[in-house]
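The structure under discussion appears below in the form of structure tokens.
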Amino acid sequence: MPITGVHAMFYTDEADALRTFLRDVLELPTTDVGHGWLINGPVAGEVGVHPIDHAGAPARGTHDVSFTCDDLEGTVARLREKGVTFTDDISDQGYGLAIHFEMPGGVKVELYEPRYRLG
């Protein structure tokens, strides 16, 4: 039986604020699974594996979550209008154009426009 998706989890002391941010600012489809637990999706997903000796890689066993989009400049402009503050500028990372921002609870993520297509 094949794997059908990926479930990512953020841990924060500002869970309600982050849940609201994912739903209202990033506009991720949201389902309330009860008791205030919101699950966001479905969104397309993929899994990458990087060696720990890769430039800028975090410690062994670390997980990382990035969001992707088809139009990085347009998405960044729309998110800025909603009050999102980015921690750097758009840069060419080889795999695509990327930028970073911090969500409620100090959760730092990457947003990028990939150059590749899965297929």
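The values are calculated or read from the model by the stated rules, or taken from the named source; none is laboratory data. Predicted model, so just to flag it, every value in this text is computed and none were measured. When we count neighbours, we look across all protein chains shown, and the Cβ atoms used for this are built from the backbone with ideal geometry, even at glycine. The protein model used for the area step is the full one, side chains on, heavy atoms only, and it has no ligands, DNA or RNA in it. Shrake-Rupley method; radii C 1.70, N 1.55, O 1.52, S 1.80 Å.
Values computed for the structure shown
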{"quantity": "THR85 paired with GLU27, simple spin-label distance in nm, labels 7 Å along Cα-to-beta-carbon", "calculated": "2.4"}
{"quantity": "Value of relative contact order over the chain, rounded to a whole percent, pairs C-alpha under 8 Å and six or more apart", "calculated": "24"}
{"quantity": "Under-5 Å amide H pairs with PHE67, H placed in peptide plane, nonlocal only", "calculated": "GLU110, LEU111, TYR112"}
{"quantity": "5 angstrom amide H check on GLN93, placed H, neighbours 5+ away", "calculated": "ALA98"}
{"quantity": "Calculated FRET efficiency for the pair HIS63/THR20, C-beta based, R₀ 22 Å, to 0.05", "calculated": "0.45"}
{"quantity": "Volume of the Cα convex hull of the chain, divided per residue and given in Å³", "calculated": "147"}
{"quantity": "3J(HN,Hα) from dihedral phi, segment 28-35, Karplus parametrisation 6.51/-1.76/1.60, rounded to Hz, x for glycine, proline", "calculated": "6, x, 10, 10, 8, 9, x, 6"}
{"quantity": "Heavy-atom accessible area order for ILE52, ILE39, ILE99, ILE3, largest first, 1.4 Å probe", "calculated": "ILE3, ILE52, ILE39, ILE99"}
{"quantity": "Neighbour net charge for VAL33 - beta-carbon separation under 14 angstrom, K R +1, D E -1", "calculated": "+1"}
{"quantity": "Derived scalar couplings ³J(HN,Hα) [segment 65-82; Karplus, 6.51 cos²θ - 1.76 cosθ + 1.60; whole Hz; x for Gly, Pro]", "calculated": "10, 10, 9, 10, 8, 8, 9, 4, 4, x, 5, 4, 4, 5, 5, 4, 4, 8"}
{"quantity": "Heavy-atom accessible area ranking, 1.4 Å probe, most first, across LEU18, LEU97", "calculated": "LEU97, LEU18"}
{"quantity": "Selection of GluC sites (Glu not before Pro), segment 1-97, meeting DSSP coil and at most 10 other Cβ within 10 Å", "calculated": "GLU46"}
{"quantity": "Solvent-accessible surface ranking, highest first, for LYS108, LYS82 at 1.4 angstrom", "calculated": "LYS108, LYS82"}
{"quantity": "Reciprocal of mean inverse Cα separation for segment 9-53 (Kirkwood radius, Å)", "calculated": "12.2"}
